[in-house]
Protein chains: 2
Amino acid sequence: MTARPPAVILCEPQLGENIGTAARAMANFGLVDLRIVNPRDGWPSEKARAAASRADHVIDKVQVFDSVEAAIADLQFVFATTARSREVPKPVRGPDESARKSVEFGEKGHATGYLFGRERWGLNNEEVALADEIVTLPVDPDFASLNIAQAVLVCAYEWRKTATSGALPFILSEDEHPPAKKDDLLRFFEHLEGALDEATFFRPPERRPHMVRTLRNIFQKAELTEQEVRALRGVVASLEKRQTRVRKERSTDGGEE
Amino acid sequence: MTARPPAVILCEPQLGENIGTAARAMANFGLVDLRIVNPRDGWPSEKARAAASRADHVIDKVQVFDSVEAAIADLQFVFATTARSREVPKPVRGPDESARKSVEFGEKGHATGYLFGRERWGLNNEEVALADEIVTLPVDPDFASLNIAQAVLVCAYEWRKTATSGALPFILSEDEHPPAKKDDLLRFFEHLEGALDEATFFRPPERRPHMVRTLRNIFQKAELTEQEVRALRGVVASLEKRQTRVRKERSTDGGEE
């Protein structure tokens with residue numbers, strides 16, 4: 001990941017807790033540059049630090065400004081996040097589109113930022129006019145009620161997803177769990193089908209090809225690993241033994257041998 | 001949007017506030033089916049309702065279960081969200097991939113669900129084993145600390161984005177702000193360049209073609225609307241008048257006329 005992460009600018013936030021939760025959201029997705037314009041309850045804020053849940057590296061570097069203009073002065077492309085339509089004729093993007101633009105700029109070393117409004121009424125039109133583009137979230141119009149930390153979270157998530165091409169912190173380790181070779185799978189199928197022949201499972205016998213296909217499809221779909229095929233062969237072997245034992249016991253009981 | 005939204009199952013959540021914030025996150029993205037397994041502080045919860053911030057339609061329909069098995073009994077495909085690697089050989093998806101699968105199932109009317117673990121230590125391996133696939137978020141491995149409501153938010157966001165093909169609640173209205181026709185733009189360019197000729201801006205004259213191209217490119221990039229072109233012509237006209245007035249005043253002062 002080499003793209004320069006965007007700044008997050010919170011405009012006149014009221015609650016320290018929201019600032020902290022925003023910082024925590026940022027840290028999860030690799031954003032570190034948090035700027036606050038006129039926080040109502042001042043700065044530093046113990047409530048913010050507590051809500052940031054160990055994102056101290058973000059909280060420690062917070063910059064406070066007395067105007068949005070000052071807060072964005074060094075940035076080269078700014079997104080204004082808003083929850084409702086504006087009179088301003090500016091492109092309106094989703095968080096995924098804005099992330100693509102921010103990453104594209106960030107890969108050239110350019111500075112971008114996301115501007116978030118007040119808890120109660122967002123950004124005013126003059127503040128939106130300072131931005132290059134508008135970002136809004138694809139919420140349900142019948143229930144649109146994200147708080148600023150939630151909006152920061154989604155924008156930060158989309159940014160990191162784009163910057164890292166969706167890299168996940170862990171994946172299914174194919175080294176530890178290699179997919180089974182077809183030969184192993186076929187030998188398991190034959191083992192199972194042989195055991196079922198012994199148990200006279202396939203009745204009437206002309207249904208056998210159809211039943212075999214059904215069973216093989218079930219296990220094909222499961223994308224079995226080597227270990228899983230070994231486990232299944234153990235299962236079949238164990239049931240075979242039990243069956244043989246039962247049959248032997250029955251024969252003994254019945255005194256036919 | 002016709003896909004059936006997934007259920008959200010919270011396994012043994014401790015804090016009512018987290019349940020409420022999860023409900024709020026769900027409501028924003030059109031999810032309504034919230035299920036809780038053994039909430040520590042019981043149910044109903046006033047803290048949950050307060051944190052849900054008017055997502056009462058979700059809170060009112062919460063179902064409480066005493067086991068994960070019971071909570072997922074009617075579902076047909078279940079994702080387990082986990083923040084760390086597991087021994088279970090199950091596919092690991094990002095929230096975007098799982099959303100595609102959930103929407104695909106939901107469009108056929110099938111019931112899917114996302115299982116979220118406890119605040120402190122998530123899901124245990126037996127619970128993960130109940131799911132079809134694992135979902136994890138593309139967080140920074142050096143700071144992975146999302147709470148359950150944040151994880152619910154991102155999964156719900158991805159689900160709605162996929163189900164609605166990224167439809168935003170509003171866009172730049174092209175009816176109200178139609179892009180300018182090229183003819184309007186060209187007449188504006190000629191107006192501006194004529195005014196600048198008058199003001200002998202193009203010096204030396206052989207630089208004129210280059211300067212004209214530079215200016216035209218600036219305004220082309222702005223993707224001007226009809227109204228914006230009219231506003232710019234007003235600006236040029238106003239400066240022209242001022243210039244004419246200044247020139248007249250100067251001539252009068254100098255007594256040359």
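Quick note: the coordinates plus some simple rules give every number you see, no bench work behind them. Just so you know, these numbers come straight off a predicted model, no measurement behind them. For neighbour counting, all protein chains shown are included, and Cβ atoms are generated from backbone atoms with ideal geometry for every residue, glycine included.
Compute the helix-to-body angle for B:226-254: its Cα long axis versus the longest principal axis of chain B, expressed 0 to 90° and rounded to tens.
The angle comes out at about 30 degrees.
For chain B, set up a Gaussian network in which alpha carbons nearer than 10 Å are linked by springs, and say which option among B:246, B:135, B:37 fluctuates the most.
Greatest mean-square fluctuation among the candidates belongs to B:246.
Can you work out ³J(HN,Hα) from phi for every residue in the range A:21-34, in order, using Karplus 6.51 cos²θ - 1.76 cosθ + 1.60 and θ = phi - 60°, giving whole Hz and x for Gly and Pro?
Here the 3J(HN,Hα) series is 5, 5, 4, 5, 4, 4, 4, 4, 10, x, 9, 10, 9, 9 Hz.
Would you mind checking the tilt of helix B:148-163 against the longest principal axis of the Cα atoms of chain B, expressed as 0 to 90 degrees and rounded to 10?
Its long axis makes an angle of about 60 degrees.
Hey, got the Cα dimensions of the protein assembly as shown along the principal axes, in Å, largest first?
The Cα atoms of the protein assembly as shown stretch 141, 51, 37 Å along the principal axes, largest first.
Helix B:182-198 versus the longest principal axis of chain B: what is the Cα-based angle in degrees, 0 to 90, to the nearest 10?
40
Quick one: 3J(HN,Hα) in Hz for the range B:5-16, Karplus 6.51/-1.76/1.60 with θ = phi - 60°, rounded, Gly and Pro as x.
With the stated coefficients, the range B:5-16 comes to x, x, 7, 10, 10, 9, 8, 6, x, 8, 9, x Hz.
Other chains' Cβ within 10 Å of A:130-143 residues: what's the mean?
5
Fewest Cβ neighbours within 10 Å first, please rank B:176, B:240 accordingly.
Listing B:176, B:240 from fewest to most nearby Cβ atoms yields B:176, B:240.
Need one number: % antiparallel among DSSP beta bridges in the range A:7-163, to the nearest 5.
Of those bridges, close to 5 percent are antiparallel.
Sorted from largest down, give the three principal axis spans of the alpha carbons of chain A, whole angstrom values.
Principal-axis extents of chain A (Cα, largest first): 99, 40, 39 Å.
If you place +1 on the Cβ of every Lys and Arg and -1 on the Cβ of every Asp and Glu, how big does the dipole about the Cα centre of the protein assembly as shown come out, in debye to the nearest 20?
380
Straight-line reach only, C-alpha to C-alpha below 16 angstrom: list the aspartates and glutamates that residue B:241 could link to, leaving out same-chain residues fewer than 8 apart.
Excluding near neighbours in sequence, the set is B:193, B:197, B:198, B:249.
Which order do the peptides B:230-239, A:205-214 take when ranked by the mean count of other beta-carbon atoms within 10 Å per residue, highest first?
Ranking, from highest mean packing down: B:230-239, A:205-214.
As a footprinting exposure proxy, order B:90, B:248 by other Cβ within 10 Å, with the fewest listed first.
Fewest-to-most Cβ neighbours within 10 Å comes out as B:248, B:90.
Which loop-located trypsin sites (Lys or Arg not before Pro) does the range B:1-57 contain, where loop means any DSSP state but H, G, I, E or B and the Cβ has at most 16 other Cβ atoms within 10 Å?
Counting only loop positions with at most 16 other Cβ atoms within 10 Å, the trypsin sites (Lys or Arg not before Pro) in the range B:1-57 are B:40, B:54.
Using θ = phi - 60° and the Karplus curve 6.51 cos²θ - 1.76 cosθ + 1.60, what whole-Hz ³J(HN,Hα) does each residue of the range A:74-80 get, with Gly and Pro shown as x?
Karplus-based 3J(HN,Hα) across the range A:74-80 equals 8, 7, 10, 8, 10, 9, 9 Hz.
Check each of the trypsin sites (Lys or Arg not before Pro) in the range A:63-157 and keep only those in coil by DSSP with at most 15 other C-beta atoms within 10 angstrom; list them in order.
A:84, A:108, A:120
Using the count of nearby Cβ atoms within 10 Å as a rough guide to exposure, how do A:136, A:81 rank from fewest to most?
The most exposed by this proxy come first: A:136, A:81.
Skipping prolines and chain starts, which residues have an amide H placed within reach, meaning under 5 Å, of the one on residue A:225, given they are 5 or more residues away or on another chain?
Under 5 Å from the amide H of residue A:225: A:180.
Please list the non-local residues whose amide H lies under 5 Å from the amide H of residue A:76, H modeled 1.01 Å from N, same-chain partners needing a gap of 5 or more.
Result for residue A:76 returns A:111, A:112.
Based on Cα coordinates alone, diagonalise the gyration tensor for the range B:182-254, multiply each eigenvalue by 5, take square roots, and list the semi-axes in whole Å, largest first.
Square roots of five times the eigenvalues give 25, 17, 7 Å.
Given only helices, namely DSSP H runs of n ≥ 4 each adding -39500 (n - 2.57), what is the per-residue ellipticity at 222 nm of chain A, to the nearest 500 deg cm²/dmol?
-14500 deg cm²/dmol
Return the distance in nm (one decimal) between the two label points of a simple spin-label model at residue A:198 and residue B:233, each offset 7 Å from Cα along Cα→Cβ.
Reported label-point gap for residue A:198 and residue B:233 is 9.3 nm.
About the Cα centre of chain A, how large is the charge dipole given +1 on each Lys and Arg Cβ and -1 on each Asp and Glu Cβ? Please answer in debye to the nearest 20.
660
Might you report the magnitude of the Cβ-based charge dipole of the range A:182-254 about its Cα centre, with Lys and Arg at +1 and Asp and Glu at -1, to the nearest 20 debye?
The calculation lands at about 220 debye.
Can you pull the one-decimal nm distance between simple spin-label points at residue B:87 and residue A:175, each 7 Å off the Cα toward Cβ?
For residue B:87 paired with residue A:175, the spin-label model returns 1.9 nm.
If you count, for every residue in B:89-102, the Cβ atoms of partner chains within 10 Å of its Cβ, what is the mean?
3
If you take the Cα atoms of the range A:1-58, find Rg, then find the Kirkwood Rh from the mean of 1/r over all pairs, what is Rg/Rh?
Over the Cα atoms of the range A:1-58, Rg/Rh equals 0.97.
If you take the beta carbon distance between residue B:165 and residue A:251 as r and set R0 to 45 Å, what does 1/(1 + (r/R0)^6) give as a FRET efficiency, to the nearest 0.05?
Using R0 = 45 Å, I get an efficiency of 0.10.
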